[in-house]
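The values are calculated or read from the model by the stated rules, or taken from the named source; none is laboratory data. This is a predicted model, so every value here is computed, not measured. Cβ placement follows ideal geometry from the backbone for every residue including glycine, while neighbour counts extend to all protein chains displayed. For the accessible areas, the whole protein counts, side chains as well, though only heavy atoms, and no ligand, DNA or RNA atoms are used. Shrake-Rupley method; radii C 1.70, N 1.55, O 1.52, S 1.80 Å.
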Amino acid sequence: MKTSSLEQVFERLLDHFGPLHWWPADTPFEVVIGAILTQNTAWTNVEKAIVNLRLHDGLTPDALRAAPRKRLEDWIRPAGFFRQKAERLQLFTEHLFARHGGDLRRMLAGPLAEVREELLALKGIGPETADSILLYAGGRPSFVVDAYTRRLFGRLQLLDADAPYEHIRAFFMDRLPADSDLFNEYHALIVEHCKRLCRKQRPLCPECCLLDLCPFAKG
DNA sequence: TTCCTGGCGC
DNA sequence: GCGCCTGGAA
C-alpha cells in the first residue's frame, strides 16, 4: 500500500517534532482573539497583547463587548494594527451576542460550510482566520492554509504556491480524512517546520527531514 | 496595489 | 536600518 505524499510529509514532520497540540489558548474564545490578533503579526507580539488582556480580565465575550474601544486598543497595541484589530474583535463579539447569545460553541456547532460562510461574512475575518477559528476554537475539520503552507508545499512542488486560497484548501481536504485532530496537528507542524527550517530566507535544507522529497533543496 | 502597526532578528 | 511576521479590506 502506497502512502500518499501528504500523509508521508505529515508522518515525517510528526516523527521529527512530535505532537504539538495546538492551539496555545485556555478557552475557545481566546483562540478567536489570537486568530484575529495574529493577522500578519509574529506570535510573540500577540502573546504580549493576550497578557495585557488577561491582566484586565479582557479575554471573555462579555469583557470585550463592554470594553471602551480606546482601552481595548491600548491593551492590544503590541500586536500591531491595533485600531483595525480592536474593531474586528468587537465586531465579532457583537455578532456573537446578536446571533448566538454570546455562546461561541453554539455559533461554531452548525454545518461546517454554513458556519464558515457566516465567519467569512464578518468584517476582518478572511479565509485563513475563519479556518483557524473553525479548527482551533471549534474543533471542526477545516484545513488552514497560510503563507507557510504555500511555501513548504510549493517548494515540495506538490502544489502551486500562487493558487487561490480555496484551491489549496481543497487540495488538502480532498486528499486527507476529515479529521480535526489530524488537521490541527498538520497545520501546527507546518508552521513549526517553516519557522525553524523552511524559512523564506536561507532555509536549513541540510537539516530537513523532508530533504529527499524536496526538489527545492536539490535545485 | 496599497494601507494598516509594532516588535524583533539580522 | 531593513525585512519579516500563522492577513484582510478598499
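Per-structure values
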item	result
Per-region count, the stretch A:111-124, residues under 13 Å from A:SER142 (Cβ atoms) and either open to solvent by less than 30 Å² (accessible area, probe 1.4 Å) or within 16 Å of DNA strand B (Cβ to nearest atom) (or both)	3
All positions within the stretch A:78-110 that are closer than 13 Å to A:VAL32 by Cβ, surrounded by 17 or more Cβ atoms within 10 Å (Cβ to Cβ) and touching a Lys or Arg at 6+ places or on another chain (Cβ under 6 Å)	A:THR93, A:HIS100
Residue in the stretch A:98-110 that is within 10 Å of DNA strand C (Cβ to nearest atom), within 29 Å of A:ILE168 (Cα to Cα) and either part of a helix (DSSP H, G or I) or of a type in the set (Lys, Arg) (or both) present	no
Test: residue in the stretch A:29-44 that is at pLDDT below 95, more than 16 Å from DNA strand B (Cβ to nearest atom) and open to solvent by 30 Å² or more (accessible area, probe 1.4 Å)	no
Pairs, first without any contact (Cβ under 8 Å) to a residue 24 or more places away in the chain and basic (Lys, Arg) in the stretch A:182-197, second open to solvent by 10 Å² or more (accessible area, probe 1.4 Å) and within 16 Å of DNA strand B (Cβ to nearest atom), C-beta under 8 Å, six or more apart	A:ARG196/A:LEU204
Those residues of the stretch A:133-144 which are more than 14 Å from A:LEU104 (Cα to Cα) and open to solvent by 10 Å² or more (accessible area, probe 1.4 Å), in sequence order	A:PRO141
Any chance A:ALA86 is hydrophobic (A, V, I, L, M, F, W, C), assigned to a helix (DSSP H, G or I) and out of contact with any Leu (no Cβ under 8 Å at 6 or more places or on another chain)	no
Listing of helices (runs of 4 or more DSSP H) fully contained in the stretch A:126-219 that carry 2 or more residues being away from DNA strand C (no atom under 11 Å from the Cβ) and either out of contact with any Pro (no Cβ under 6 Å at 6 or more places or on another chain) or not aromatic (Phe, Trp, Tyr) (or both)	A:147-155, A:165-175, A:180-196, A:215-218
Test: residue in the stretch A:51-65 that is touching a residue at least 40 places away in the same chain (Cβ under 8 Å), of a type outside the set (A, V, I, L, M, F, W, C) and surrounded by 17 or more Cβ atoms within 10 Å (Cβ to Cβ)	yes
Filter result for A:VAL9 (open to solvent by less than 60 Å² (accessible area, probe 1.4 Å) and under 18 Å from A:ALA137 (Cβ atoms))	no
Selection count where residues are aliphatic (A, V, I, L, M), over 13 Å from the mean Cα position of the chain (by Cα) and assigned to a loop (DSSP other than H, G, I, E, B), scope the stretch A:11-68	3
